[in-house]
Amino acid sequence: MKITSGEVKNNLTFEHLEIISLPLLFSLMLRLFTRFYVPMVLLLAVIFYIISEVKSKHELHSAILRGESEITIRKSNILNILTPLVTNNKYLGSIGLLNTNITDTVKKKKLVNNLIQFTKGQSFFEQVRILDTLGKEVLRINGFRDSIQVVADDNLQDKSLRDYFKVATLLEPGEMYISPIELNKEYNAVDLPYRAVVRIVSPIYSGTNDVCLGYFVTNISVANLLSAFSRTLMTDNFPLMLLNHNGEGIIKTKEQILYRFNELKELSSIKDSLPLLFGKLEEKKTRYVKHGDGIFVFEKLKLTEELAVNNFLKEVTFIQPTNSDVYLVTYVALSNIGAFGGLNKVDVNLMIILFFLLLIVALMLTKRKMNELEMIDEITILNKKLYADQEKLEESIAQLSRRNTQLKEFSQIISHNIRSPLAGLTLLIDFLHQDQMKLSEQEKKEVIEKLIFSAKTLNNLTDDLFETVSVLDSGELVFEEIDLLKALDKSKDVLTAQILQANASIEVDTNAWRNIKYNRQYLESIIFNLLSNALKYRDENRALVLKITTEIVEGKKVLKVSDNGRGINLEWHGENVFGLHKTFHRDSSGKGFGLFMTKTQIETLGGKIRVESEVGKGSTFIITF
């Protein structure tokens, strides 16, 4: 079994590692290293990626749970703080305490003392005020606990243009209004430093509830509410937002309180600064959204609905409840962001170690493969030499076989073709020797002529045999690049008279090939004999047409010489077409030597010749070089 170099090397492009160039050797090593290392690294990366994704999802889920817990606690705090404040506001507006005639100094002082006591009990008030039906302040107390301040009459303001007063004028007995979170204003300008408040407004009616005497307004400090949340010890880790229905409000972080209102152009609302977040808030489809390196967890709190659950407030109607809705939002940072964000430091160190271990393994496998290739390459070289020697041996055997066949044919030719003229000569000589005294001069003359004819025949046959022997015994033949058209022209020049006599036309097609490396004398002899044979055995009833074409068949050059001559009956003469002194048309002169010599020359150089013919249509001689 022969092993070809392509099979051994598995499509590698180098010939021998000992003589391979350094760039090609480096390229080969790199390819081998990549073949081993890349799949292992990819597999390791996929494993760590899956681990990272699992950890990231777990952390995300945990963050959502923590955020939801924070929201739940904040929601409970807000309701726990606002419920008594709203209840007290309703109570004060309904017991007749506030409809005191404050023009009476004694009554006003008593009312102020009562409100101070009411205010001292709360830690979330910014202001407590009474407005008349025209929106002017009748009484106002600022601050809470120990920093309470009763505003002097000269500093009381007109609040008739404020939105909360416009809504207050719509209140009926038993109704309340909770304003959205907004910035506190003094004299219709935003108060500095910024203070965000929620206002609880109750109407003050006369004892018969027939006439509205004014409005009781309490300002709840949102900042104080958020500060109070720190009692849960969670705000330090979770930044918190408390927003109104328009996305305005306060952000409480560990270090500071941030205000986001449309009135503060440089500090726009969350609706403008974080439209994706606010869009999710309005959709109500989810309770969290990813943003940056963390997630926002949120819940919409309908204050009026939650407060109405309280038994004391069940009979209260809250007008424009949508304005009272707030969004409670917290932000939970995620440490695991990115493709491998879920990996902790230990995981990353382990991954780096494994990458280096795989690098070492890949290098070892590459070195082992290179050693194998070196051994395979040596075997390949030996196999190539063996294959070359085998081809030479097969060529020598084929050549010896051809020579043996030719020698057998030559032996048959000698035994058959020489025997007949020799036998004739022997008979004539014996006849002449025994009966020469009885022969007349005329008979002697006829015998001598026959002797001369037989001798010439034998001599011609000997010459043909010597020419055949010269071909068979030819030594090192000279091969050169030959132009087929030029070799053809040379034969046409020699056969010009016969071509004109036969009115022959010769068509040549050399599209497949034109030049061939061959022995010049042999090629010219082959072409000459084939043309001469076609001219000699042409059909007298039609003009001779010769077609000479070239082809490439299975990588070998093929020459076809076709004619429209008489043709040969291959059923009768197929085995003798290329025999010596074999002729198939008795009315045409010929020794039957040309085709024999053509076949001998072609086979001597390792080629083949065959014929396709049909009587009355012509013949085609096909030569494979």
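Looking only at residues in region 555-587 that are polar (S, T, N, Q), closer than 16 Å to Ser532 by Cα and assigned to a loop (DSSP other than H, G, I, E, B), the one that is modelled with the lowest pLDDT is Thr583.
On inspection, Gly207 qualifies as under 19 Å from Asp132 (Cβ atoms) and either at pLDDT 95 or above or in a loop (DSSP other than H, G, I, E, B) (or both). Per the conditions (1) at pLDDT 90 or above; (2) surrounded by fewer than 17 Cβ atoms within 10 Å (Cβ to Cβ); (3) over 25 Å from Ala497 (Cβ atoms), the sole criterion not satisfied by Glu507 is (3). Residues that are closer than 18 Å to Tyr205 by Cα and of a type in the set (A, V, I, L, M) do occur in region 135-146, at least one of them. Selection over region 70-113 of residues that are exposed (fewer than 15 other Cβ atoms within 10 Å of the Cβ), more than 27 Å from Leu226 (Cβ to Cβ) and modelled with pLDDT under 80 gives a count of 8.
The condition (being part of a loop (DSSP other than H, G, I, E, B), at pLDDT 90 or above and in the same structural domain as Lys75 (by TED's automatic domain parsing)) is satisfied by just one residue among Leu264, Leu170, Leu192: Leu170. Look at (1) among the β-branched types (Val, Ile, Thr); (2) modelled with pLDDT of 85 or more; (3) under 30 Å from Ser227 (Cβ atoms) and you find that Thr119 fails only one, number (2). Among the residues of region 163-174, are any crowded, with 16+ Cβ neighbours inside 10 Å, within 18 Å of Asn246 (Cα to Cα), in contact with a helix residue (DSSP H, G or I) (Cβ under 6 Å, 6 or more places away or on another chain) and touching a residue at least 12 places away in the same chain (Cβ under 8 Å)? Scanning region 163-174, I find no residue that is crowded, with 16+ Cβ neighbours inside 10 Å, within 18 Å of Asn246 (Cα to Cα), in contact with a helix residue (DSSP H, G or I) (Cβ under 6 Å, 6 or more places away or on another chain) and touching a residue at least 12 places away in the same chain (Cβ under 8 Å), so the answer is no. For the residues Leu192, Leu183, the requirement of being of a type outside the set (Asp, Glu) and within 60 Å of the chain's Cα centre (by Cα) singles out Leu183. Only one entry of Asp435, Asp377 meets the criterion of being at pLDDT 65 or above and more than 23 Å from Gly607 (Cβ to Cβ), and that entry is Asp377. Residues in region 231-258 that are at pLDDT below 85 and of a type in the set (Asp, Glu) were compared, and the one that is farthest from Ile78 (Cα to Cα) is Glu255.
The conditions of being at pLDDT 85 or above and closer than 29 Å to Leu170 by Cα are met by Lys300.
Can you tell me which condition Ala512 does not meet? The list is (1) outside any helix (DSSP H, G or I); (2) in contact with a helix residue (DSSP H, G or I) (Cβ under 6 Å, 6 or more places away or on another chain), and all the others hold. So the condition that Ala512 fails would be (2). Residues in region 249-273 that are polar (S, T, N, Q) and over 13 Å from Ala223 (Cα atoms) were compared, and the one that is nearest to the chain's Cα centre (by Cα) is Ser273. Restricting region 588-625 to residues that are farther than 24 Å from Glu480 by Cα and of a type in the set (Lys, Arg) leaves a set whose member that is modelled with the highest pLDDT is Arg610. When Ile548 is tested against the conditions (1) at pLDDT 90 or above; (2) surrounded by fewer than 19 Cβ atoms within 10 Å (Cβ to Cβ), the lone failure is (2).
Within region 487-498, track down each residue that is surrounded by 18 or more Cβ atoms within 10 Å (Cβ to Cβ) and either of a type in the set (S, T, N, Q) or over 29 Å from Lys556 (Cβ atoms) (or both). Result: Ser491, single match.
The values are calculated or read from the model by the stated rules, or taken from the named source; none is laboratory data. Only a predicted model underlies this, so the values are computations on that prediction, with no experimental measurement involved. Don't worry about glycine lacking a Cβ; one is built from the backbone with ideal geometry, like all the others, and counts go over all protein chains shown.
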